[in-house]
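Laboratory data are not the source of any read-out in this text; all were calculated from the coordinates shown. Being a predicted model, the structure only gives us computed values, none of them experimental. Backbone-built Cβ (ideal geometry, glycine too); neighbour counts: all protein chains shown.
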Amino acid sequence: MNIGIIGSGTMGIGIAQVAATNNCSVFLYDQNSSQTEKSLEGLQKVLARLVEKNRIDFEESENIYNKIKFCTELKDLKDCDLVIEAIIENKEIKQKVFADLEKIVSSDCILASNTSSISITSISADLKNSERFLGIHFFNPAPLMPLVEIIPGLLTAEKLPQKVYDLMKSWGKVPVIAQDIPGFIVNRIARPFYGEALRIVEEKIATPEQVDEAMRSLGNFKMGPFELMDLIGIDINFAVTKTVYKDYFYDSKYKPSLLQQRMSEAKLWGRKTGKGFYNYSENYQKPSVEKDVKLFGNIFMRIISMLINEAVEAKRLKLASDEDLELAIQKGVNYPKGLLAWGKEIGYQKISESLQNLYGTYQEERYRQSPLLKNL
């Protein structure tokens with residue numbers, strides 16, 4: 001199978017690695033050839049590490065690398081069976097790419113966007129054949145994170161999502177079919193993990209280090225929200241938040257953070273720039289965090305209550321089955337357990353009281369409870 005990838009950034013090269021590992025011929029195109037060269041060098045290092053760890057042998061690593069062909073023009077993707085776009089989160093730029101691509105590929109070629117938040121219907125609206133278009137959303141890093149959200153738009157052919165679902169399964173991924181709503185499943189439900197953490201730091205209640213330590217120690221999260229934002233890229237996380245906020249008609253639940261905007265403007269984007277909420281210089285030592293039991297308990301309860309409330313609301317709106325909602329959060333953002341199960345464990349009454357207290361303090365719609373939460 002011939003797979004085209006547009007964009008050779010972190011996501012593009014990651015998806016290319018996944019496809020090549022599954023014996024597909026990959027055609028990797030990026031306008032910026034220096035970015036592609038840098039990404040391919042990075043891929044060689046990744047494959048060398050996999051060989052060192054005995055995850056793959058040398059021959060396999062060579063085979064994966066040689067399956068990826070660096071393309072200098074969009075027309076080099078003409079023989080592809082599936083093209084996945086993984087470029088900047090900008091609807092107009094994506095629309096232009098697909099309009100150009102449609103003139104090049106065959107009528108049977110499936111077109112897909114790896115967007116994490118932009119409406120699939122809106123990207124495909126002006127295409128001559130919108131039926132062959134859908135969202136295929138991988139999570140970062142694509143070779144490691146098992147979840148793939150498959151998002152049909154209003155114009156997508158009825159049988160196409162299942163066809164792509166089966167392909168992703170054959171690639172060893174865990175696919176779920178999501179609705180074309182802002183943020184799909186994961187980026188909608190997970191917004192408070194970042195948003196509420198940023199609010200806590202903006203209000204000087206705690207430092208990023210304290211918030212991360214609270215979520216790791218009390219919630220058993222592998223990474224705290226600030227570590228995760230640094231990994232994803234603060235610019236990308238901010239762009240997704242802005243899209244979700246705007247597309248939900250400025251619902252205060254999804255309101256972006258001024259702190260994150262300033263970090264984004266300063267190009268303090270996290271690991272990829274060497275500095276974000278943390279410093280990634282070679283000899284930098286992270287400051288140790290003194291545990292404050294009461295503060296950590298308040299931080300954890302505040303963030304987990306917002307997350308569980310969002311999962312309950314997704315259940316109420318039937319955005320996916322309960323099983324897929326739980327699977328998406330565990331496999332897409334590596335949460336230690338599903339949020340609906342976590343709500344039962346803590347007690348929905350306790351979650352409701354936590355949100356009631358936050359609403360009482362702030363008098364903001366941001367802290368309103370899902371109608372289903374009280375029933376549960």
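Could you give the nm distance between label points at residue 203 and residue 45, where each point is 7 Å from its Cα heading toward the beta carbon?
Rounded to a tenth, the inter-label distance reads 4.0 nm.
Quick check on segment 1-82: take the gyration tensor over C-alpha atoms, sort the square-rooted eigenvalues as a ≥ b ≥ c, and tell me if it's rounded (a/c under 1.5), prolate or oblate. Could you put the intermediate results ahead of the total?
On the way: a/c = 2.50, a/b = 1.50, b/c = 1.67.
Oblate.
Please list 3J(HN,Hα) in residue order for segment 248-256, calculated via the Karplus relation 6.51 cos²θ - 1.76 cosθ + 1.60 where θ = phi - 60°; whole Hz, with x for glycine and proline.
Ordered by residue, 3J(HN,Hα) equals 9, 6, 6, 5, 4, 4, 10, 4, x Hz.
Starting from the exponent 0.38 and prefactor 2.2 Å, build the expected Rg for segment 192-269 from its residue count and divide its actual Cα Rg by it. Intermediate values should be presented prior to the final figure.
Values: Rg = 12.3 Å, N = 78, 2.2 N^0.38 = 11.5 Å.
My calculation over the Cα atoms of segment 192-269 gives 1.07.
Pick from 106, 124, 257: which residue has the top mean-square fluctuation in a GNM of the chain where Cα pairs under 10 Å get a spring?
106
Rounded to a whole number, what is D in µm²/s for segment 1-158 from Stokes-Einstein with the Kirkwood radius over alpha-carbon pairs (4 °C, 1.567 mPa s)?
Translational D for this selection: 82 µm²/s.
To the nearest 10 degrees, how steep is helix 348-362 against the longest Cα principal axis of the chain, on a 0 to 90 scale?
In the chain, helix 348-362 runs at an angle near 80 degrees to the longest axis.
Normalising by the residue count of the chain, find the relative contact order in percent from Cα pairs under 8 Å and 6+ residues apart.
13
Give, rounded to the nearest 20 debye, the magnitude of the charge dipole that the chain has about its Cα centre when Lys and Arg contribute +1 at Cβ and Asp and Glu contribute -1 at Cβ. Numbers along the way, then the final one.
Values: 48 positive and 49 negative charges, 146 e Å.
With Lys and Arg at +1 and Asp and Glu at -1, about 700 debye.
Could you work out how far helix 322-332 tilts from the main Cα principal axis of the chain, as a 0 to 90 degree angle to the nearest 10?
In the chain, helix 322-332 runs at an angle near 70 degrees to the longest axis.
Mind checking the angle between helix 160-170 and the chain's longest principal axis? C-alpha axes, 0 to 90 degrees, to the nearest 10.
Tilt relative to the chain: about 90 degrees.
Under a Cβ-only charge scheme (Lys and Arg +1, Asp and Glu -1), can you give me the dipole magnitude of segment 232-376 about the Cα centre, in debye to the nearest 20?
Working: 23 positive and 17 negative charges, 43 e Å.
So the dipole magnitude of segment 232-376 works out to roughly 200 debye.
Can you list the aspartates and glutamates whose alpha carbon is less than 16 Å from that of residue 78, not counting same-chain residues fewer than 8 positions off?
Once the sequence-local aspartates and glutamates are set aside, what remains near residue 78 is 30, 100, 102, 108.
For segment 41-106, with the dipole built from +1 on Lys and Arg beta-carbon atoms and -1 on Asp and Glu ones, taken about the Cα centre, which of 88, 99, 56 lies farthest toward the positive end?
88
Please figure out what share of the DSSP beta bridges in segment 61-171 is antiparallel and state it in percent, rounded to the nearest 5. Working shown, then result.
On the way: 5 of 12 bridges.
Around 40 percent of the beta bridges assigned by DSSP in segment 61-171 are antiparallel ones.
With a/c under 1.5 counting as rounded, go ahead and sort segment 117-173 into rounded, prolate or oblate using the C-alpha gyration tensor (a ≥ b ≥ c being the square roots of the eigenvalues; past the cut-off, prolate if a/b is larger than b/c, else oblate).
It is oblate, given that a/c is not under 1.5 and a/b is not larger than b/c.
Hey, if you put +1 on the Cβ of every Lys and Arg and -1 on every Asp and Glu Cβ in the chain, which of 359, 249, 42 ends up farthest toward the positive end of that dipole?
Going by the Cα projections, it comes out as 359.
Compare 93, 84, 15 in a GNM of the chain, Cα atoms joined below 10 Å, and give the one with the largest fluctuation.
Highest fluctuation among the options: 93.
What does the charge add up to near residue 341, with Lys and Arg as +1, Asp and Glu as -1, over the other residues with Cβ less than 15 Å from its Cβ?
Here the charged neighbours net out to -1.
Past the 20 Å Cα-Cα mark, which pairs from 91/128; 38/272; 94/173; 103/159; 67/128; 75/96?
Exceeds cut-off: 94/173; 103/159; 67/128.
Looking only at 167, 43, 327, which one moves most when the chain is put into a Gaussian network model with springs between Cα atoms under 10 Å?
Maximum fluctuation in the GNM of the chain, among the listed residues, is at 167.
Put +1 on the Cβ of every Lys and Arg and -1 on every Asp and Glu Cβ in the chain; which of 334, 189, 234 then has its Cα farthest towards the positive end of the dipole?
189
With both bridge residues required to lie in the chain, what share of the DSSP beta bridges run antiparallel, to the nearest 5%?
About 25 percent, rounded to the nearest 5.
If you wrap segment 260-363's Cα atoms in a convex hull and average its projection over all directions, what's the area in nm²?
On the way: hull surface 38.5 nm².
Approximately 9.6 nm², given one-decimal rounding.
Rounded to the nearest 500, what is the chain's calculated 222 nm mean residue ellipticity when only DSSP H runs of at least 4 contribute -39500 (n - 2.57) each, over all residues?
Helix contribution divided over all residues of the chain: -15500 deg cm²/dmol.
Quick check for me: using +1 on Lys/Arg Cβ and -1 on Asp/Glu Cβ, what's the dipole size of segment 127-241 about its Cα centre, in debye to the nearest 20?
So the dipole magnitude of segment 127-241 works out to roughly 540 debye.
Taking amide H positions as placed in the peptide plane 1.01 Å from N, state which residues far from residue 113 in sequence (5 or more) or on other chains have amide H under 5 Å from it.
Correct list: 85, 134, 135, 136.
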